[in-house]
Protein chains: 2
Amino acid sequence: MLDCAIIGGGPAGLSAGLYASRGGLKEVVLFERGLPGGQITQSSEIENYPGFYEHGKTGMDFMDTWQEQCFAFGMVHRMEEVKGVRKDGDHFIIDIAGKESVEARTVIVATGSTPRRAGVKGEDELFGKGVSTCATCDGFFYKDKEVAVLGGGDTALEEAHYLSNICSKVYVIHRRDTFRAAPSTVDRVKRTANIELVTDTTIEEIVGDAMGVIGINIKNKSGEVSYLEVPGVFVFVGHNVNNAVLKDESGEAICELNENGQVIVDLNMRTSLDGLFVAGDLRIDAAKQVVCAAGDGATAALQVISYIQEQA
Amino acid sequence: MLDCAIIGGGPAGLSAGLYASRGGLKEVVLFERGLPGGQITQSSEIENYPGFYEHGKTGMDFMDTWQEQCFAFGMVHRMEEVKGVRKDGDHFIIDIAGKESVEARTVIVATGSTPRRAGVKGEDELFGKGVSTCATCDGFFYKDKEVAVLGGGDTALEEAHYLSNICSKVYVIHRRDTFRAAPSTVDRVKRTANIELVTDTTIEEIVGDAMGVIGINIKNKSGEVSYLEVPGVFVFVGHNVNNAVLKDESGEAICELNENGQVIVDLNMRTSLDGLFVAGDLRIDAAKQVVCAAGDGATAALQVISYIQEQA
C-alpha cells in the first residue's frame, strides 16, 4: 500500500513528490508515462519562475534539477500510464496500463491540461521557438515587438489584451468575422489602440528559419494571401483538461468537476472525495504558471500528510 | 497613480512584483521597510523550494537572485513603512510613515505572519542554527535524530506529529499538564511511539556552540533541572498575523478576516474588497511555505492585470 500516489509529472506532481517524501511519507510514487517535467520542458528559456534567473537555462535544465531534488528525498518515479483511479473503502486503487493495479492511501492527481494546437503548417516545428500557447510565460520575450494571436474565444482576446501591455502591436487573426468571446471583452479589445483585429482570415503557414519564427502567411476570405512579419505567434484555440483518470468506464467522475471538466477544489487542494487531492492546471481557477502549480503540489502534499495522520 | 502597490517584501510580494511588472503594468511599487526577502533570509539552507537544489546556498543568496529578477522587469522597491491602506472611490490610498500618501489602482497585501518566540535564553542567538519555527521547512535536517518541540497548542502537537515521521524521537516540552490542542490531536500524539510528552516542564535554556544547538536545560514543577541532548528545537507558541495595514483607526478591517485575523480569499486571491488582493501567510489556509506564497503572489498579480484591463 502506497502512502501517496501522484499522477502526473509536471511541476505540480514533482512539487507534491518533494513535499510528500521530504515530509516523511513512505512509498511516495509518481506515475508519469514519459520523463517528468511537463509542458515547461518545451521552453527554450525561463525567466518567470521566482528565484530562478539564469540566462540561457532551458526548461529542460530546470526540470533536471527539480527531478534530482525529488529523488534525493526518496520519491520514486514509475514510467507507466495510469488508466484510472477509484476509491475502494478507505483507500484507492490505481489502474495501470498493462500492469497490476496498485493500492494507495491517498492520491494527488496533477495531470494538467494540454493547450490545443491549431494544425497550421510550421506550428509544430516552431513550437517553443516563436510559437507559444502562453502569453504570461512568453509575452515578455516580445517586448516592444509585433506579435500575432490566433483565435477568437475569450482566452484569445484576454491574452491579446495582456500582450498589448507589453508588445508594440498585436494582430488577432480570426477565421470568422464575429467573436465567441464575451461582448465586454470584445469591446475592450476593440478600444485598445495597438490591437488590430484581422477577421475572416486564417493562417496558411508559420514561417521561420533556424532562429525561430519570422512571420506568417495569412489568407482572407477572398483568397488573397499576404505576409505579416512577426517574431512571435500565440495560438489560443482551447485546452484539453486531462481528467480522464478521474472518470470511470461510464464516464462518471469520482469527484466534482465544473462545466469545463476542471476539478473543483478548496484552498487546501481537497476535492469532493476524501483522500483525493488535485494540484495544478487540472483544477478550477488555475493560473497555469509553473510556480502556481508548484505551490498547489506542496499544499496538496502537506494536506496528504495531515490526512494520513488523522486516519492513524 | 500606481498600477499596483505591493505591501510586504517576502516571497509572496516579490513574486507578485515579478508577475505584475513582467506582465506590462506601469508603476509597480513594492513597499518593504527593510531589505526584501522575508523570513526565509534567516534560513541557513534551503532544500524544499522546488527546482532550487544547491548545497550550501542560504536563504539570503536565494533572495538576492529573486530581488534582482524583479528589478530586471521594472519593479521598484520603496524602503518605507506602510501605515495603512484604504479605498477611496475606485482607487486606493496608501498611507506611509513620515511621507506623503500614494494612490494606487490596485493593492496586493503580502505582509505575512510572524511566528512568536518563546523568550527562552539562547533562542534568539541560535535561531536558524538549530532553533526553528517551521517543521515542514527544517524537520528533514534532523532525519533520524532526536528533537524537542516547545508548546502545547494544536500547531505544536501537529508539528510534533509531522516531525515524528522523520525524526527518531520527538520530546514535546509543555509547561502545563493539560493541552490546549483538540482532544483527537492529543490522543493521536499520545499513541505515537516516538513522541514523548514532557509536561509541567519549561525550557530554561537552549544550549549551543559555534555549530548550533546541542541541547536544552529543562525544569519540571518540582524545580528539578535536567539536560536533553538534542540538535534541534522547534518553537510553536503561536503566530502574529500582520494585518495591521488593513485596519482603520478604529481597528475595523477594510476586508473580511476570519476569527484569527487571517484574510478570507478565494482561489484567485481576491478579498471581499474589489481591487484588493492578498497573497501568502496573511491569508486563510496558508501552507506557510515559500513556494506556496510565491504561487499566491503570481496568482494575485495576474488577477490585478485582469482587474485593471476590465476597468479600462
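The values are calculated or read from the model by the stated rules, or taken from the named source; none is laboratory data. Keep in mind that what you see is a predicted model, and the values were worked out from it rather than measured. No Cβ is skipped: glycine too gets one built from the backbone with ideal geometry, and neighbour counts run over all protein chains shown. We work out accessible area using only protein heavy atoms, side chains counted, and drop any ligands, DNA or RNA first. Shrake-Rupley method; radii C 1.70, N 1.55, O 1.52, S 1.80 Å.
Numbers at a glance
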quantity	calculated
Convex hull of Cα atoms in the stretch A:187-284, direction-averaged projection (nm²)	11.3
Residue-averaged [θ]222 nm for the protein assembly as shown, counting only DSSP H segments that reach four residues, each worth -39500 (n - 2.57)	-7000 deg cm²/dmol
Chymotrypsin sites (Phe, Trp or Tyr not before Pro) restricted to DSSP loop in the stretch A:127-197 with at most 13 other C-beta within 10 Å	none
Complex-versus-alone comparison for the stretch A:143-168, residues with a loss of 50 Å² or more in accessible area, probe 1.4 Å	A:TYR162, A:ASN165
Amide proton proximity set for A:ASP281, modelled H, under 5 Å, gap of 5+	A:GLY112, A:SER113
Separation of the B:THR58 and B:LEU35 label points, Cα + 7 Å toward Cβ, nm	0.8
Residues whose placed amide H lies under 5 Å from that of A:GLU196, excluding near-sequence neighbours	A:VAL170, A:TYR171, A:VAL172
Solvent-accessible area, 1.4 Å probe, carbon plus sulfur percent, for the stretch B:131-235	46
The protein assembly as shown: antiparallel DSSP beta bridges as a percent of all, rounded to 5	45
Of all chain B residues, the one whose C-beta is nearest the axis that brings B onto A, in angstrom	B:GLY295, 1
Estimated translational D of the stretch B:131-235 in µm²/s (Stokes, Kirkwood radius over Cα pairs; 4 °C; 1.567 mPa s)	96
Rg ratio (alpha-carbon, reference 2.2 N^0.38 Å) - chain A	1.08
Charge tally in the Cβ shell below 10 Å around B:PHE73, where Lys, Arg are +1 and Asp, Glu are -1, B:PHE73 excluded	+1
Measure of compaction for the protein assembly as shown (Cα Rg per 2.2 N^0.38 Å)	1.01
Burial of 40 Å² or greater, the stretch A:179-201 residues [accessible area, probe 1.4 Å, versus chain by itself]	A:ARG188
Simple spin-label estimate for A:SER226 and B:ARG175 in nanometres, 7 Å along Cα-Cβ	7.8
Binned Cα-Cα distances of the stretch B:10-91, short to long, each 5 Å bin given as a whole percent	3, 14, 21, 21, 18, 12, 6, 3, 1, 0, 0
Cβ neighbours within 10 Å from other chains - mean over A:120-129	0
Buried solvent-accessible surface, both chains (A, B), 1.4 Å probe, Å² to nearest 100	4600
Using θ = phi - 60° and Karplus 6.51 cos²θ - 1.76 cosθ + 1.60, couplings along the stretch B:223-231 (whole Hz; Gly, Pro as x)	x, 6, 9, 9, 10, 10, 8, 9, x
Computed lengthening from A:ALA182 to A:LYS26, 0.36 nm per intervening residue step minus Cα-Cα distance	51.3 nm
Qualifying GluC sites (Glu not before Pro) in the stretch A:88-156, DSSP loop, other Cβ atoms within 10 Å at most 13	A:GLU100, A:GLU125
R0 of 25 Å, Cβ-Cβ distance B:GLU100-B:LYS247: FRET efficiency to nearest 0.05	0.75
Chain A, relative contact order in percent, only Cα pairs under 8 angstrom and at least six apart counted	22
Residues with amide H under 5 Å from that of A:LYS121, placed H, sequence gap 5 or more	A:ILE206
Within chain B, percent of DSSP bridges classed antiparallel, to nearest 5	45
For the stretch A:24-49, residues shielded by at least 30 square angstrom of accessible area compared with the chain on its own, probe 1.4 Å	A:GLU47, A:ASN48, A:TYR49
Most fluctuating residue given options B:ALA135, B:ALA148, B:ALA181, as computed from a GNM of chain B linking Cα atoms under 10 Å	B:ALA181
Residue pairs, from the table A:LYS145/B:LYS26; A:LYS145/A:LYS288; A:LYS87/A:LYS288; A:LYS190/A:LYS288; B:LYS121/B:LYS169; A:LYS26/B:LYS169, whose Cα atoms sit over 20 Å apart	A:LYS145/A:LYS288; A:LYS87/A:LYS288; A:LYS190/A:LYS288; B:LYS121/B:LYS169
Helix axis angle, A:154-164 relative to chain A longest principal axis, alpha carbon, degrees	70
C-alpha center-to-center spacing [the stretch B:239-289, the stretch A:243-271] in angstrom	29
For chain A, cysteines whose Cβ has no other cysteine Cβ within reach (under 4.7 Å)	A:CYS4, A:CYS70, A:CYS167, A:CYS255, A:CYS292
Accessible solvent surface per residue of chain A, calculated while the other protein chains remain in place, 1.4 angstrom probe, Å²	41
